[in-house]
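As structure tokens, the structure follows; a few thoughts come after it.
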Amino acid sequence: MTLNDVSEVSGVGSSTISKIENGAISPTYGNLLRLAKGLNVDVAELVSHEAIQPAPGRFSLTRQREGLVHSIGTHDYEMLCTQLTNKRMVPMVARIRARSMNDLSGLNSHSGEEVMFVVSGQVILHTEFYQPMLLNVGDCVYFDSIMGHATLSGTEEEAVVFWVCSADASFDVLSEVSRLAAKSSTEN
């Protein structure tokens, strides 16, 4: 495929694709997702140095701190079990450093459902229809992603959550996160 072909199917500019291909820039997670969706491949296939093989029996293991990490400054997302393609769920560990809504560009809203389990620290979950809620270690929340939402650390330390998005929403979720990060970095 030419750069223009890839640009057309993914929605990522051909100059951006060229810069990524030549190592001049690192792709945002949103662009990785757009490329994966446009090329009909799993994101892990774009960022892994090893060929992803279909796993018989639908089994995948990610050892501690060995997932694929994407950082947007206020949040780090470690994608887990990336060896499997066409999953119905997208598991990840998120490290949340944002402490104020001013650190973010508003609430995220997209299709799908999400569940978060607080592993360490405190999380303040802001949503469109509810008052902000403080989540402590061991707390778990499940919500429709169509409702605007954002997460902040409730302390000076980063918060760590185990986060699962429905696969139909994973493109929207991470694309929006990347878009907000890009917007935030241009504002700073």
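With all protein chains present, how much of the accessible area of region 76-119 (probe radius 1.4 Å) comes from carbon and sulfur, to the nearest whole percent?
It is 53 percent, rounded to a whole number.
For Ser111 and Lys19 in one chain, what is 0.36 nm times their gap in residues minus the Cα-Cα distance, to one decimal in nm?
The Ser111-Lys19 span can extend by a further 30.0 nm.
Separation between the Ser71 and Asn4 pseudo-spin-labels, each 7 Å from Cα along Cα→Cβ, expressed in nm?
The modelled label-to-label distance comes out at 3.8 nm.
Rounded to whole Å and sorted largest first, list the principal axis extents of the Cα atoms in region 1-128.
Largest first, region 1-128 extends 46, 40, 27 Å along its Cα principal axes.
If you rank Ile96, Ile146, Ile20, Ile25 by how much accessible surface each has, with a 1.4 Å probe, what is the order from largest down?
Final ranking, largest accessible area leading: Ile146, Ile25, Ile20, Ile96.
Can you tell me how much longer the chain between Asn136 and Met101 gets when fully stretched, taken as 0.36 nm per residue apart minus their C-alpha distance, in nm with one decimal?
Extending this stretch completely gives an extra 10.7 nm.
So who's got an amide H within less than 5 Å of the one on Cys81, skipping anything under 5 residues away but keeping other chains? H placed 1.01 Å off N, in plane.
Answer set, sorted by chain and number: Thr62.
Sort Cys81, Cys165 by accessible area with a 1.4 Å probe, largest first.
Largest accessible area first, the residues go Cys81, Cys165.
So if I take the centroid of the Cα atoms in region 100-155 and the same for region 1-38, what is the distance between those two points in Å?
Region 100-155 and region 1-38 have Cα centres separated by 30 Å.
Report the full-extension gain for the segment Thr155 to Lys87: residue separation times 0.36 nm, less the Cα-Cα distance, to one decimal in nm.
21.1 nm
With a 1.4 Å probe and every protein chain left in place, tell me how much accessible area Tyr142 has, in Å² to the nearest 10.
140 Å²
Rg to Rh ratio, region 89-138, alpha-carbon atoms and Kirkwood radius?
On the Cα set of region 89-138, Rg over Rh gives 0.93.
From largest accessible area down, sort Asp103, Asp76; use a 1.4 Å probe on the protein chains.
Putting Asp103, Asp76 in descending order of accessible area: Asp103, Asp76.
Pop out the ³J(HN,Hα) list for region 104-110 in order, Karplus 6.51 cos²θ - 1.76 cosθ + 1.60 with θ = phi - 60°, rounded to Hz; leave Gly and Pro as x.
Whole-Hz 3J(HN,Hα) from phi for region 104-110: 10, 10, x, 8, 8, 8, 6.
Compute the accessible area per residue over region 6-151, keeping the other protein chains in place, probe 1.4 Å, unit Å².
Result: 57 Å² of accessible area for each residue.
Tabulate in residue order the Karplus-calculated ³J(HN,Hα) for region 115-129, using 6.51 cos²θ - 1.76 cosθ + 1.60 with θ = phi - 60°, rounded to whole Hz; enter x for Gly and Pro.
Each residue of region 115-129 in turn: 9, 10, 10, 7, 8, 8, x, 10, 10, 9, 9, 9, 9, 5, 10 Hz.
The values are calculated or read from the model by the stated rules, or taken from the named source; none is laboratory data. Model, not experiment: these values are computed from the prediction. Here Cβ is always computed from backbone atoms with ideal geometry, including for glycine, and neighbour counts include all displayed protein chains. Surface accessibility is based on the protein's heavy atoms, side chains included, excluding ligands, DNA and RNA. Shrake-Rupley method; radii C 1.70, N 1.55, O 1.52, S 1.80 Å.
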